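Everything on this sheet refers to the single structure shown next.
The values are calculated or read from the model by the stated rules, or taken from the named source; none is laboratory data. Predicted model only: the values in this text are computed from it and were never measured. For neighbour counting, all protein chains shown are included, and Cβ atoms are generated from backbone atoms with ideal geometry for every residue, glycine included.
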């Protein structure tokens, strides 16, 4: 169905409810037991509903704090990498860490836990966090910040065109990992998050380009200064995202090239600040979709997705589609929408289907219940 929600086919209010979560993992947490600090690392669980502690403690492992290197912002990346290479996990105390070379997580099962959303800021175009193609790594509670020189990527999981150990029951997991390209200072990156490994779980991740930050630029200046082409690129297979928020990037916000990917809840705002339509063109196509599934992908599932438009800098700008996916039976989108926040136009919801989200219906979503 295309157009406004209908009570017979779309729930009112328009909520999307899954009977079970396909895969989940609670975030690690610090606690005290018998007077000693420990870190509880919950295990991944499949096809679950309800809380994980209903029948006792959340299943997982307890790691003593003595097995962690407790880092401070004054510690060098060289020392952090030396401790990781010795087999230590990493606990990042609150603060801003200037990272001129990658923090390298190479050992399966390594835990990197940030307190107070410890911030890793790229220096000299570095990739602040680089995770090897190994299973079971857990990154949680970290903000990754672009620096003033362009980085190729801010956080990379695995390498392109390689396949390491794929362990469906023990996915590398990103929990509460945030990305910022500009805002408090100038930021530049090609891509924020790149996932090349298979069986990765992305759990509540906000990936943001600062097109309305506090650096003192006009919108036109910011378009050419805070540069971020793509928010998220997924090349690995069997990657799942639960709560994926990607906003304001200058080309596709999310590009999903891996097979058998699943997203549960996707939110996107297109960039506010393209100066002209010519700056917001994908070849002959007006604009870039907020969610792009690669043309060769045969199997992909999205539950509950929204793309919003607010072309504040130039309200005449158009974006042809909110979502762009291959037209094939194995690629399925459930409950997707576009909405106008008062400027600009998204002409269609997905692949030329769906009415325009324009200024005649500000704040009123345009729904496609199922595609295809």
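Out of all the residues in segment 310-325, which are more than 17 Å from residue 266 (Cβ to Cβ) and either assigned to a loop (DSSP other than H, G, I, E, B) or free of Cβ contacts under 8 Å to residues at least 40 places away in the same chain (or both)? Quick ask: steps written out before the conclusion?
Initially, segment 310-325 is screened for residues more than 17 Å from residue 266 (Cβ to Cβ), giving 310-318, 320.
Selection gives 311, 312, 313, 314, 315, 316, 317, 320.
Checking each residue of segment 207-229 against the condition of being modelled with pLDDT of 95 or more, within 15 Å of the chain's Cα centre (by Cα), within 20 Å of residue 294 (Cα to Cα) and buried (at least 24 other Cβ atoms within 10 Å of the Cβ) gives at least one match. Entry remark, segment 335-354: residues being crowded, with 16+ Cβ neighbours inside 10 Å, without any contact (Cβ under 8 Å) to a residue 40 or more places away in the chain and in a loop (DSSP other than H, G, I, E, B) number 1 in total.
Taking the conditions exactly as written (outside any loop (DSSP other than H, G, I, E, B), surrounded by 19 or more Cβ atoms within 10 Å (Cβ to Cβ) and in contact with a strand residue (DSSP E or B) (Cβ under 8 Å, 6 or more places away or on another chain)), does residue 127 satisfy them or not? Write out each step before concluding.
Working: outside any loop (DSSP other than H, G, I, E, B): no; surrounded by 19 or more Cβ atoms within 10 Å (Cβ to Cβ): yes; in contact with a strand residue (DSSP E or B) (Cβ under 8 Å, 6 or more places away or on another chain): yes.
When the stated conditions are applied, residue 127 does not pass them.
Restricting attention to segment 24-72, the residues that are surrounded by fewer than 11 Cβ atoms within 10 Å (Cβ to Cβ) and part of a loop (DSSP other than H, G, I, E, B) total 9. Considering 332, 296, the condition of being surrounded by fewer than 18 Cβ atoms within 10 Å (Cβ to Cβ), under 24 Å from the mean Cα position of the chain (by Cα), at pLDDT 95 or above and in a strand (DSSP E or B) is satisfied by 332 alone.
Kindly check whether there is at least one residue in segment 105-115 that is touching a strand residue (DSSP E or B) at 6+ places or on another chain (Cβ under 7 Å), part of a strand (DSSP E or B) and farther than 21 Å from residue 64 by Cβ.
No, that holds for no residue.
Candidates are the residues of segment 135-148 that are at pLDDT 95 or above, farther than 15 Å from residue 102 by Cα and in a loop (DSSP other than H, G, I, E, B); the one that is nearest to the chain's Cα centre (by Cα) is 137.
Let's see how each residue does on (1) closer than 27 Å to residue 197 by Cβ; (2) under 13 Å from the mean Cα position of the chain (by Cα); (3) surrounded by fewer than 24 Cβ atoms within 10 Å (Cβ to Cβ); (4) at pLDDT below 95:
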residue	(1), (2), (3), (4)
242	yes, yes, yes, no
245	yes, yes, yes, no
281	no, no, yes, no
286	no, no, yes, no
312	no, no, yes, yes
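Can you list residue pairs whose Cβ atoms sit under 8 Å apart, with the first residue in segment 355-367 being farther than 18 Å from residue 323 by Cα and the second being in a loop (DSSP other than H, G, I, E, B)? Count only pairs 6 or more apart in sequence or on different chains. Once the first residue is farther than 18 Å from residue 323 by Cα and sits in segment 355-367, its partners that are in a loop (DSSP other than H, G, I, E, B) give 359/315.
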